[in-house]
Amino acid sequence: MSLTFALKTSEASFFGLHWSLRACSSVAPSAPTLAFVPACPPVDPLELQKLQEFVASAQRLFVLTGAGISTESGIPDYRSEGVGLYARTDRRPVQHAEFLRSAKARQRYWARNFVGWPQFSSHQPNNGHLALQRWEQMGKLHWLVTQNVDALHAKAGSRRLTELHGCTHRVLCLDCGDPTSREELQVRFEALNPTWQAEAHGVAPDGDVFLSEEQVCTFQVPPCNRCGGPLKPDVTFFGDTVRKETVDFVYQRLAEADAVLVAGSSLQVYSAYKFALAARDRKQPMAIVNIGATRADGFATLKLSLRCGELLPSIVLE
């Protein structure tokens with residue numbers, strides 16, 4: 001089969017891997033970790049009241065979340081002023097085309113991911129994730145779309161959920177599409193590299209760390225158990241596109257909604273921004289909770305530069 005097979009595989013085939021995370025939905029929220037959260041003013045009661053009225057008036061709320069909802073769980077993002085990856089380092093995430101064509105790039109990615117995985121996979125949902133899960137339970141949230149690949153919404157128990165860019169907890173073979181869990185792959189990494197050690201230099205947003213080329217060159221990467229092909233996390237890397245089936249599905253859920261909330265996203269990535277544009281064209285009211293400017297500020301009904309984990313749980317639903 002072709003290298004593109006895995007990118008076109010139906011989301012339904014991974015429900016067993018994805019929904020198994022729901023067992024974590026009863027965990028207590030993580031304490032806010034503000035090292036990767038930009039500074040913002042305290043909550044203004046008048047602004048809170050505006051968001052309260054916005055949410056109360058919606059019957060079928062479509063929610064789009066980005067990295068800014070997970071920074072309070074200790075996961076850094078790319079673009080936050082002063083604390084994001086781009087502000088702190090000159091490192092850049094792996095590119096889709098490079099990963100496909102280069103075995104060395106895949107070795108580098110998996111070595112870094114292997115070291116970072118225990119910490120990354122241990123992150124827990126914060127009060128922002130849990131608030132949205134409660135909104136779903138109470139019938140307020142019609143559908144939740146996240147740009148994040150950290151599985152924190154799934155851990156929080158959200159079910160009406162689309163992971164727009166996939167999830168690092170799932171792995172695919174690029175040749176045959178055979179899926180496996182990231183936890184299972186970690187065991188295979190350990191078996192292949194029993195004496196390999198590396199010192200991490202900083203944490204990146206997508207579950208990896210920074211390693212030197214000298215550390216990476218001896219790391220062994222296992223092939224697909226089924227066909228021997230190369231393995232890739234089930235995520236949309238930079239330079240790749242989201243599957244058309246997923247995009248069409250999200251457009252359908254958006255069309256069924258009567259209001260939109262953007263939480264923790266600057267909407268700089270077009271794969272998410274286009275849904276904000278579609279909401280504007282449909283004249284759907286839109287509220288944004290994000291520290292810093294977004295691409296949709298000019299046509300949003302309401303914009304609040306506050307922490308999601310502080311603001312969303314304050315909304316009272318009847």
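Of note:
- Put simply, of Q252, Q215 the only residue that is open to solvent by 30 Å² or more (accessible area, probe 1.4 Å) and at pLDDT 95 or above is Q252.
- Lone unmet requirement of (1) part of a loop (DSSP other than H, G, I, E, B); (2) open to solvent by 20 Å² or more (accessible area, probe 1.4 Å) for A97: (1)
- When G157, G166, G128 are checked against the criterion of being modelled with pLDDT of 95 or more, touching a Gly at 6+ places or on another chain (Cβ under 7 Å), buried (at least 22 other Cβ atoms within 10 Å of the Cβ) and of a type outside the set (A, V, I, L, M, F, W, C), a single residue qualifies: G128.
- Top-ranked residue of region 285-313 - restricted to ones that are open to solvent by 10 Å² or more (accessible area, probe 1.4 Å) and free of Cβ contacts under 8 Å to residues at least 60 places away in the same chain, ranked as farthest from L254 (Cα to Cα): A293
- Of residues in region 39-83 being closer than 22 Å to A154 by Cα and among the charged types (D, E, K, R), the one modelled with the highest pLDDT: R60
- Selection status of F238, open to solvent by 30 Å² or more (accessible area, probe 1.4 Å), in contact (Cβ under 8 Å) with a residue 60 or more places away in the chain and within 25 Å of R134 (Cα to Cα): no
The values are calculated or read from the model by the stated rules, or taken from the named source; none is laboratory data. Quick caveat: nothing in here was measured; it's all calculated off a predicted structure. All Cβ positions, even for glycine, are placed from backbone atoms using ideal geometry, and neighbour counts span all protein chains on display. Just so you know, the surface numbers come from the protein's heavy atoms only, side chains and all, with ligands and any DNA or RNA stripped out. Shrake-Rupley method; radii C 1.70, N 1.55, O 1.52, S 1.80 Å.
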